[in-house]
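Scroll down for the structure; my scribbles are underneath it.
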Amino acid sequence: MKEPKKSDTKIQDHHLPSPQFAALDNLGDGIYILNSNLEYIYENKRGEELSELPKEKFIGKKITELYTDLLATPTGKAIERVKKTKQMEQLEVFYEKVHKWFLITVYPLDGSIAIQVHDISIRKNNEHNLLFLAKASQELSQSLNIDETLKKLAKLTVPEIADWCTIDLLNNKGKLEYFTIAHKDPEKIEWAKKLRSKLPRNSSSGGVEYVLKTGNAQITPLVTDELLKKSIKSEKEYQLIKSIGLNSVMIVPICEGKKPIGAITFITSETRRNYTKADLAMAEDLANRASLAIENARLYKEAQDAIKLRNEFISIASHELKTPVTSIKAYGQVLQRRFMKRGDAESANYLQKMDNQLNRLSALISDLLDVTRIETGKLLLHKDYYDFDDLVKESIDAIERTIPQKIRVKVTTRKKVYGDKFRTGQVLTNLLSNAAKYSPETAHIEVIAEQKKDDVEVCIKDFGIGIPKEKQTMVFDRFYRVSGPQDETYPGLGLGLYISSEIIKRQGGRIWLESEEGKGSTFCFRLPIFIEN
Ligand code: ADP
């Protein structure tokens, strides 16, 4: 093909060499050519559609004559720059009036300028929809309070996706209720609420109730007058709907499982955005995510209710169990004394064994009660000053009588600590009895209590079975047992360390362990002293 000579492309006025430019008429992009005075000398067919000005009213006009403030816009500035620099420029521009995105390319021609306008609305819209979906999903996953989440979702929708967004949900009587309404202009919300209550929701061919009945989403890309007249019977309703100025509408169902339980309505009115199939797919995706969030919130609530019921049951059952256990213990002790008096040591010994088992039973019941207290925030601490070393020694004395191991003690804090003496004693007893329980083959346990800066620290060391590394972080979890719940060698519920760690944490302290499997464990805790002694 012959290269055009420079003079061929030099365009001085609107008398264009037609063969070269006729082809431009078939392009899907708008093409405009300006001469050096920034007067239009050419527009192709698509250009005519976009400018909504036929050639006769366009050609020969100065750019500022047709678009008075164009030179202040990014496009105008690009045109002026290209005129000076002779370097091609590209920019993405959103035109509010037609609600469309365009890629504008400004080319320098010899002494003149060509502008190509390419519609990129589909890509931009898809990008925008994806971003919106990501934002909305985050919102939906942030809270398990569904009312709050749906309200936030409706607000998020305007103005990004719609001028209006309403969410309707079925109430517990199965009746449809306006749940929330959002408008990009907050002042219009009250007006909108009143208006919505007057509008018909029952239509054989569309509307929220129809979407709920069929479970199918609905889209009306352009609400024409004809369409309105067809679907609305009374003149009053027609006038009301006209006052909203509906432009485009989408309604998508929200489902629980497969059953529709509500709908989200998206409306554009002032914004000349016409919803497309891609927008409907996005809206359906959004409604699916909302449905999932509702389902999650429901499951969470059910789980919470079940936990509450379980806690109530454990709390009541433990209380009820405590009374008969205490009575049995008292009767057993009376009997034990009687047998001793009569010289029946064997029977008295059986009763002692029964008493030991009753002590275990009471401890288990107390642990269960403590767990429910912790979970319902009712584990109350009674704080006072107490002698820390005395408490450690008392706890050791009490346990030493009941275990086979000897305890080596080094207690040197000499501190009065401000805290709950009874609960801290419970932690010591628990750690000491664990040390004994999990080191059945060994003869010693070591206890060291010392001052560490503003804290007191106790470490209880045994030389028993130890805990594998990967399980060490879990031993403070509720119901966690290294050897599993079925274990018969070391009976227990896996609650002692959980309760102990809560008691220590609530007093501003910290609890931890060091252990090696097969070699033994050291459990330590620290508590703040709080006062100068
Ligand atoms: P349990 O009633 O089962 O003893 P705990 O909450 O006191 O419950 O302890 C949780 C788990 O931690 C125990 O089941 C045990 O596997 C492990 N554990 C606790 N203390 C020791 C220890 N001194 N040596 C080895 N394992 C221990």
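Numbers at a glance
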| item | result |
| --- | --- |
| Matching residues, the stretch 469-495, being modelled with pLDDT of 95 or more and closer than 25 Å to Pro404 by Cα | Val475 |
| Matching residues in the stretch 518-533 - criterion: being more than 9 Å from the ligand (Cβ to nearest atom) and more than 18 Å from Lys415 (Cβ to Cβ) | Gly518, Lys519 |
| Close pairs from the stretch 429-444: first on the phi < 0 side of the Ramachandran plot, partner in a helix (DSSP H, G or I) and near the ligand (Cβ under 10 Å from one of its atoms), Cβ under 6 Å, at least 6 apart | Asn430/Gly496; Asn430/Ser500 |
| Residue count for the stretch 437-457, restricted to those that are surrounded by fewer than 20 Cβ atoms within 10 Å (Cβ to Cβ) and either away from the ligand (no atom under 12 Å from the Cβ) or of a type outside the set (Val, Ile, Thr) (or both) | 14 |
| Test: residue in the stretch 140-147 that is part of a helix (DSSP H, G or I), among the hydrophobic types (A, V, I, L, M, F, W, C) and surrounded by fewer than 19 Cβ atoms within 10 Å (Cβ to Cβ) | no |
| Which listed residue is in a loop (DSSP other than H, G, I, E, B) and surrounded by 14 or more Cβ atoms within 10 Å (Cβ to Cβ), from Gly47, Gly76, Gly60 | Gly60 |
| So Phe21, is it at pLDDT below 90, surrounded by 12 or more Cβ atoms within 10 Å (Cβ to Cβ) and touching a Ser or Thr at 6+ places or on another chain (Cβ under 7 Å) | no |
| Among residues of the stretch 172-192, those that are under 29 Å from the mean Cα position of the chain (by Cα) and part of a helix (DSSP H, G or I), counted | 1 |
| Test result for Ile115, buried (at least 18 other Cβ atoms within 10 Å of the Cβ) and aliphatic (A, V, I, L, M) | yes |
| Considering residues of the stretch 469-501 that are exposed (fewer than 12 other Cβ atoms within 10 Å of the Cβ) and in contact (Cβ under 8 Å) with a residue 12 or more places away in the chain only, the residue nearest to the ligand (Cβ to nearest atom) | Phe479 |
| Candidate set from the stretch 107-124 (those that are closer than 15 Å to Ile41 by Cα and among the aliphatic types (A, V, I, L, M)); member that is farthest from the chain's Cα centre (by Cα) | Leu109 |
| Test: residue in the stretch 171-193 that is over 25 Å from Leu292 (Cβ atoms) and modelled with pLDDT of 90 or more | no |
| Selection status of Ile104, crowded, with 19+ Cβ neighbours inside 10 Å, of a type outside the set (Asp, Glu), in contact (Cβ under 8 Å) with a residue 60 or more places away in the chain and in a strand (DSSP E or B) | no |
| Enumeration of residues in the stretch 88-101 that are crowded, with 16+ Cβ neighbours inside 10 Å and in a strand (DSSP E or B) | Glu89, Lys100, Trp101 |
| Unmet criterion (only one of (1) crowded, with 21+ Cβ neighbours inside 10 Å; (2) under 22 Å from the mean Cα position of the chain (by Cα)) for Glu256 | (1) |
| Every pair of residues 6+ apart whose Cβ atoms lie under 8 Å, when the first sits in the stretch 335-356 and is of a type in the set (Phe, Trp, Tyr) while the second is surrounded by 13 or more Cβ atoms within 10 Å (Cβ to Cβ) and assigned to a helix (DSSP H, G or I) | Phe339/Ser347; Phe339/Ala348; Phe339/Leu351 |
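Yes or no, residue by residue, for (1) in a helix (DSSP H, G or I); (2) closer than 30 Å to Lys124 by Cβ; (3) of a type in the set (A, V, I, L, M, F, W, C); (4) out of contact with any Leu (no Cβ under 8 Å at 6 or more places or on another chain):
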{"residue": "Pro253", "(1), (2), (3), (4)": "no, yes, no, no"}
{"residue": "Ile261", "(1), (2), (3), (4)": "no, no, yes, no"}
{"residue": "Thr265", "(1), (2), (3), (4)": "no, yes, no, yes"}
{"residue": "Tyr275", "(1), (2), (3), (4)": "no, yes, no, yes"}
{"residue": "Ala281", "(1), (2), (3), (4)": "yes, yes, yes, yes"}
{"residue": "Ala290", "(1), (2), (3), (4)": "yes, yes, yes, no"}
{"residue": "Ala297", "(1), (2), (3), (4)": "yes, no, yes, no"}
{"residue": "Ala303", "(1), (2), (3), (4)": "yes, no, yes, yes"}
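The values are calculated or read from the model by the stated rules, or taken from the named source; none is laboratory data. None of the values given here were measured: they were computed from a predicted structure. Methodologically, a virtual Cβ is constructed for each residue, glycine included, from the backbone with ideal geometry; neighbour enumeration extends over all protein chains shown.
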